[in-house]
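Have a look at the structure below, then the notes.
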Amino acid sequence: MLREASLEGTGMQRSVVNLIGSARALFSIVALLFLLPASAVANPTLSVSQPGVTVETGRLTSVLLSVDAMPAKAYLYVDGDPGIAWSLRPAAPSQWVLRVGPKATLTADATLTIQLLDAGNKPIAVTQVKVTPKALPAPDSVAALTLMLDGGGLVEGLKSRAYLVVTNKSEHAIALRRVDPVASDGIVVTIDAASPLIMPRETVVQPMTIEVERGRVPRTGTHQLAVRATLTTDLTPAEARLARGSIGAPRWEARVVASKEVELTVPGLSELQGILQIPTLLLLPGLLAMIAFTALLDLAKPRPVGENPLSRLTIALSPGVWVIMIMVSAVIDAAYALLAGRDILFGFGLRDLATLWFASLIVGGLVGWRAYCVEIARQRAAAAPRFANGITPSVFLQQMAREGEPIRRRARLLGEQLLFDLGAVDAANQLWACGVIVMRPTATGGSQVLDAVRSAADDAARIVVVVGLVQQGKLTLEWRPFIVGAVRVAEPQIVSTDLFVDVLRDDTILQEGV
């Protein structure tokens with residue numbers, strides 16, 4: 001009994017021990033599951049609904065992201081080309097909506113990378129989405145542009161009408177945002193108010209005005225006129241309401257250039273070239289300037305009795321005159337082109353011709369008037385007496401220096417008075433004569449000033465020294481008594497000698513006599 005009881009106790013003990021062991025094993029397994037990281041429990045996977053998408057500029061395309069066995073505290077990180085625009089928002093547990101689209105800078109295929117990171121910023125799963133920008137249609141497949149001109153040409157001084165014809169070749173509405181003229185030499189393009197909305201298969205006409213730039217004449221002949229139109233499918237809300245079912249095209253914008261040859265003509269140009277020819281036109285300004293100059297200059301000259309006034313307007317075309325005429329014409333033409341911005345070598349009209357001729361006469365007249373004034377002044381100076389009775393010694397000496405007359409001159413006698421003749425005997429048998437100029441040092445000058453005068457190199461230098469000393473108050477000049485200044489004396493009253501004596505003398509020499 002005891003043995004059986006002990007055996008039963010032992011079996012029960014074993015059952016309890018086995019039960020405890022099983023519980024311990026189960027507890028260990030559970031504890032192990034809680035203690036192991038999520039990656040040891042399961043391997044999360046990150047997948048996308050579309051590995052590659054083709055998108056349009058300005059529009060976003062949706063891609064679905066899914067994560068299997070999403071671990072706690074994990075998050076998504078998106079990286080890729082800066083030319084890709086994207087946004088991410090949750091859609092359901094372990095699912096997100098990724099919206100992608102290309103920016104204007106994206107021109108080739110690019111890749112967007114999506115990573116699943118744990119709390120320690122370590123990647124758990126990675127996937128990629130390839131973004132391909134949708135090719136935009138060529139401008140000529142969407143719209144056709146044509147330039148038309150009234151009359152087919154452009155006339156200087158007149159405005160002409162031109163028209164830009166735009167045809168929408170697509171099935172969607174487009175907008176004509178602006179029309180800009182392309183730079184053209186001397187031709188101004190003014191665009192009228194634009195007609196922005198162009199419906200599918202519709203043609204609109206954009207009017208404009210063309211004219212020659214004021215103050216300029218470009219080269220006559222054929223010119224290229226061009227305008228640039230900006231077209232787009234990006235409509236404003238008001239335009240979209242008008243277009244109604246015609247919208248829905250991919251966002252597209254292009255600048256299309258339309259050009260046309262324009263024939264520029266100048267009124268009267270062919271007639272003038274036929275009559276005058278270019279060489280005559282280029283020589284005529286110089287000829288007119290010379291005629292105006294000669295006419296005014298000749299007015300200053302005495303005219304013989306009975307002479308025809310018109311005879312002085314003739315110009316003998318000698319080789320020297322031809323050279324002067326060509327040079328004057330070249331200067332006038334260059335000045336006209338610089339000031340007026342019109343080069344007659346490339347084109348001119350009646351207005352240019354009249355302006356050029358009038359300007360040539362004005363230029364020649366102004367130069368001739370200056371020459372006329374100079375000639376009149378010269379004649380008056382020649383007719384005026386060289387000396388005056390009351391002339392001072394300083395002024396007399398300066399005039400002698402200007403005329404290059406020497407101070408040592410032929411001496412004459414008028415009674416006991418010493419004279420010096422100043423010129424030839426005139427028709428009235430008279431001549432100009434002067435007396436002796438006496439130098440006297442002042443108290444501040446002293447006798448050394450006379451030594452300075454005597455040491456001068458020549459007559460001109462002596463006069464400069466004397467005048468300077470007079471101005472400094474170191475020397476005085478006086479006419480010898482009885483003859484003050486210059487006088488007109490009858491030739492028979494004076495006696496000529498063969499002595500040459502200085503007009504300018506000092507007291508010491510004066511006491512010695514002649």
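So the label point goes 7 Å from the Cα of R251 along Cα→C-beta, right? Which residues of the stretch 109-143 then have their backbone N under 17 Å from it? The answer is 132-137, whose backbone nitrogens lie closer than 17 Å to the label point. If you plug the beta carbon distance of A69 and S259 into 1/(1 + (r/R0)^6) with R0 = 56 Å, you get a FRET efficiency near 0.30.
Less than 5 angstrom separates the built amide H of G157 from those of V212, all sequence-distant by 5 or more or on a different chain. Among the lysines, which have Cα under 27 Å from the Cα of K301 when same-chain residues fewer than 8 positions away are ignored? The reachable lysines, counting only those whose Cα sits under 27 Å from K301, number zero. Decide, for the stretch 47-184, between rounded, prolate and oblate: order the square roots of the alpha carbon gyration tensor eigenvalues as a ≥ b ≥ c, take rounded if a/c falls under 1.5, and otherwise choose prolate if a/b is larger than b/c, else oblate. It comes out prolate by the Cα gyration axes. Given in Å, the Rg to one decimal and the Dmax to the nearest whole number for the Cα atoms of the stretch 160-204 are 12.7, 40. Once the Cα-Cα distance is subtracted from the 0.36 nm per residue extended length, the L60 to L413 segment shows a gain of 114.6 nm.
Close amide H pairs (under 5 Å, H built 1.01 Å from N) link T476 with R440, T442, residues at least 5 positions away or on another chain.
Partners of K260 within straight-line reach, counting lysines whose Cα lies under 28 Å from its Cα and excluding those fewer than 8 residues away in the same chain: K159, K169. Between the amide H of D506 and those of M439, distances stay under 5 Å, these residues lying 5 or more places away or on another chain, with hydrogens modeled in the peptide plane. When T203, T294 are compared by accessible surface with a 1.4 Å probe, the order from highest to lowest is T203, T294. Taking packing as the residue-averaged number of other Cβ atoms within 10 angstrom, the listed peptides 462-475, 79-92 run from highest to lowest as 462-475, 79-92.
The values are calculated or read from the model by the stated rules, or taken from the named source; none is laboratory data. Model, not experiment: these values are computed from the prediction. We place every Cβ from the backbone using ideal geometry, glycine too, and count neighbours over all the protein chains shown. We work out accessible area using only protein heavy atoms, side chains counted, and drop any ligands, DNA or RNA first. Shrake-Rupley method; radii C 1.70, N 1.55, O 1.52, S 1.80 Å.
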